[in-house]
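Report on one structure; see the data block that follows.
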Amino acid sequence: MNSYETVLRKAAEKFRRTAEMAGQEGILPYKSADGKWITSPYDGNSWWTGGFWPGLMWQLFALTGDAFFEQEARRAEEMLCGEFRSFRYLNHDVGFMYLLSTGADYKLTGNEQARQDTLHAASLLMGRFNPVGYIRAWNHPDHVGYAIIDCMMNLSLLFWATRQTGDPRFANVARIHADMTRREFVRPDGSVSHIIELDPTSGARIGEHPGQGYGPGSSWSRGQAWGLYGFTLAAINTEDTKYLETACRIADYFIANIRPDGLTDCDFRQPAEPERVDNMAGAIAACGLLELAKAAGKPEYEQAACRLLDGIIRQCCDFSDRLCGLLTKCTASYHDDGAGQETNITYGDYFFVEALAKLNHTDPMLWR
Ligand code: GLY
């Protein structure tokens with residue numbers, strides 16, 4: 001067993017113990033602290049992070065075949081499907097939410113209802129498309145023209161829906177949004193903006209807004225990671241070399257900013273003090289780099305992914321039962337927004353496990 005497989009199996013053992021607590025409490029975990037699972041701070045189970053818990057359970061089911069993980073994933077999936085009915089808070093992040101829950105269920109077990117639920121989510125994402133050229137991100141009435149870099153990950157749901165149904169509308173919309181993102185978000189040095197506002201009537205650019213990074217014009221590392229992995233997935237889904245070229249440009253910029261200890265600053269342009277780390281960005285980027293290494297035929301991207309994972313494994317994995325989750329130093333936003341700073345957050349655990357599974361050749365590739 002190589003060292004990545006050892007860490008992966010230790011992670012599976014830990015979640016086999018701690019996931020039972022989530023089931024007993026009947027909750028969807030968002031983060032953990034003081035030996036407890038904690039639910040999302042906003043929008044109940046409709047918050048964008050809801051799919052990472054079932055996604056983690058499906059990853060561990062794919063690794064171990066243990067029916068416990070399947071059961072726990074289905075428990076969470078049912079909660080998420082309940083959100084279709086309330087609908088109010090669902091936004092473009094249905095890609096994150098349902099690819100990793102119902103989509104994963106269909107992929108791993110052939111559950112036909114789960115396939116229908118995933119198509120339902122894809123139709124909701126299509127409903128957010130503004131034909132002037134972008135998918136609307138959020139629901140606030142002041143955000144009608146907002147598009148955000150994170151959406152590159154949600155596009156995978158649309159590519160999936162076209163493959164499932166034979167209807168090119170879904171993939172066409174994904175391409176239009178990806179082309180807008182290349183044009184408006186990706187800067188010449190390979191860094192990306194978090195939020196771009198477009199005129200919802202004409203599609204013209206209005207301007208950039210600061211988001212979860214340090215400030216205007218800065219470089220929020222998780223946004224870089226979403227761009228890196230998102231354009232890689234767009235390239236894999238379309239075989240279009242322009243997306244591959246964009247993914248490589250973002251990857252090169254990300255790699256140039258990896259800290260000597262392998263951890264990832266929350267913003268690549270943040271001041272030296274205070275130190276603020278976001279290991280989720282590192283774990284997401286590692287997943288993207290591992291896929292990009294294959295798609296672009298560049299083994300140096302795999303080496304960079306291993307530097308990120310080694311840094312996390314050496315310094316920021318807590319296998320004790322003091323913490324229900326695994327990764328420490330995960331930061332939702334540079335400026336505290338109540339969603340957690342330098343703590344354990346479920347999507348850090350999800351992407352860390354996904355990256356290890358890729359290196360272990362057991363990743364079921366839930367984004368396709
Ligand atoms: N909104 C997605 C993120 O916080 O990364």
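List of remarks:
- Meets criteria (modelled with pLDDT of 95 or more, aromatic (Phe, Trp, Tyr) and more than 16 Å from the ligand (Cβ to nearest atom)) for Phe61: yes
- Within region 328-361, considering residues that are β-branched (Val, Ile, Thr) and assigned to a helix (DSSP H, G or I), the one farthest from the chain's Cα centre (by Cα): Val353
- Of the residues in region 230-237, not one is among the polar types (S, T, N, Q), farther than 17 Å from Ala174 by Cβ and either away from the ligand (no atom under 16 Å from the Cβ) or open to solvent by 50 Å² or more (accessible area, probe 1.4 Å) (or both).
- Candidates Ala251, Ala234, Ala204, Ala247, filtered to the one that is touching a residue at least 24 places away in the same chain (Cβ under 8 Å), more than 27 Å from Arg276 (Cα to Cα) and among the hydrophobic types (A, V, I, L, M, F, W, C): Ala234
- Check on Gly288, farther than 19 Å from Met57 by Cβ, within 16 Å of the ligand (Cβ to nearest atom) and open to solvent by less than 10 Å² (accessible area, probe 1.4 Å): yes
- Test result for Asp321, assigned to a loop (DSSP other than H, G, I, E, B), of a type outside the set (Lys, Arg) and in contact with a Gly (Cβ under 7 Å, 6 or more places away or on another chain): yes
- Cross-chain or 6+ apart pairs with Cβ under 7 Å, region 93-109 first and closer than 14 Å to Glu78 by Cβ and within 16 Å of the ligand (Cβ to nearest atom), then open to solvent by 10 Å² or more (accessible area, probe 1.4 Å) and assigned to a helix (DSSP H, G or I): Tyr98/Asp117
- Residues in region 176-225 that are closer than 24 Å to Met126 by Cα, more than 19 Å from the chain's Cα centre (by Cα) and of a type in the set (Lys, Arg) were compared, and the one that is surrounded by the most Cβ atoms within 10 Å (Cβ to Cβ) is Arg205.
- Residue in region 110-131 that is farther than 14 Å from Trp160 by Cα, part of a helix (DSSP H, G or I) and open to solvent by less than 10 Å² (accessible area, probe 1.4 Å) present: no
- Of everything listed in (1) away from the ligand (no atom under 16 Å from the Cβ); (2) crowded, with 16+ Cβ neighbours inside 10 Å; (3) not aromatic (Phe, Trp, Tyr), the single unmet condition for Arg259 is (2).
- Among all positions in region 180-197, there is at least one residue which is in a helix (DSSP H, G or I) and among the aliphatic types (A, V, I, L, M).
- Pick from region 135-168, criterion among the small types (Gly, Ala, Ser) and more than 16 Å from the ligand (Cβ to nearest atom), ranking: nearest to Ala104 (Cα to Cα): Ala161
The values are calculated or read from the model by the stated rules, or taken from the named source; none is laboratory data. Remember, predicted model here, so these are calculated numbers, not experimental data. Please note: Cβ atoms are built from the backbone with ideal geometry, for glycine as well, and neighbour counts cover all protein chains shown. Surface accessibility is based on the protein's heavy atoms, side chains included, excluding ligands, DNA and RNA. Shrake-Rupley method; radii C 1.70, N 1.55, O 1.52, S 1.80 Å.
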